[in-house]
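Here's the structure we're looking at; comments come further down.
Read the figures in this text as sums done on the coordinates, not as results from a lab. What you see is a predicted model; the values in this text were computed from it and never measured. Here the Cβ positions follow ideal geometry from the backbone for every residue, glycine too, while neighbour counts run over all protein chains shown.
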Amino acid sequence: MKRESAAILLRIFIGESDRYKGKPLYMHIVEMLKAEGIAGATVFRGITGFGKHSLIHTISILRLSTDLPILIEVADLEENIDRIRPKLDEIINQGLITEEKVKIVFYDSDNKNKIPVANY
């Protein structure tokens, strides 16, 4: 079965060394999103990047960085993104968030024996 829906794609750019209450910030964010019932989130670890301070962070053995770029992507309905935005404002001290309207195309089989997935 195929379903389509309008949604918001949130991209959260932070650093691997960013922490919140002693825990990696990306883990805290993912756990918070799950607790808030957000449809899903994926964390990507960049191999090279730079940000506000123009320092290049890379996995190159010659310039090994301990603060690689982290990107968290979250796609959900606008009302759900609106609900979690203030929580993100409280825990992110340094980084960047982008937001754009997207169309979600969700594919799901009709097989009732499969593990249920988040509904969009």
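Phi angles across segment 24-36 convert, under the Karplus curve 6.51 cos²θ - 1.76 cosθ + 1.60 with θ = phi - 60°, into 3J(HN,Hα) values of x, 4, 4, 5, 4, 5, 4, 5, 5, 4, 5, 4, 7 Hz, Gly and Pro given as x.
Each residue of segment 4-17 was assigned a 3J(HN,Hα) from its phi angle through the Karplus curve 6.51 cos²θ - 1.76 cosθ + 1.60 (θ = phi - 60°); the sequence is 10, 7, 6, 8, 10, 9, 9, 10, 10, 9, 9, x, 4, 8 Hz, with glycine and proline shown as x. Highest mean packing first, where packing is the average number of other Cβ atoms within 10 Å per residue, the peptides 20-29, 100-109 line up as 20-29, 100-109. Taking θ as phi - 60° and the Karplus parameters 6.51, -1.76 and 1.60, the scalar couplings of segment 99-105 work out to 9, 8, 7, 9, 10, 8, 10 Hz in sequence order, x denoting glycine and proline.
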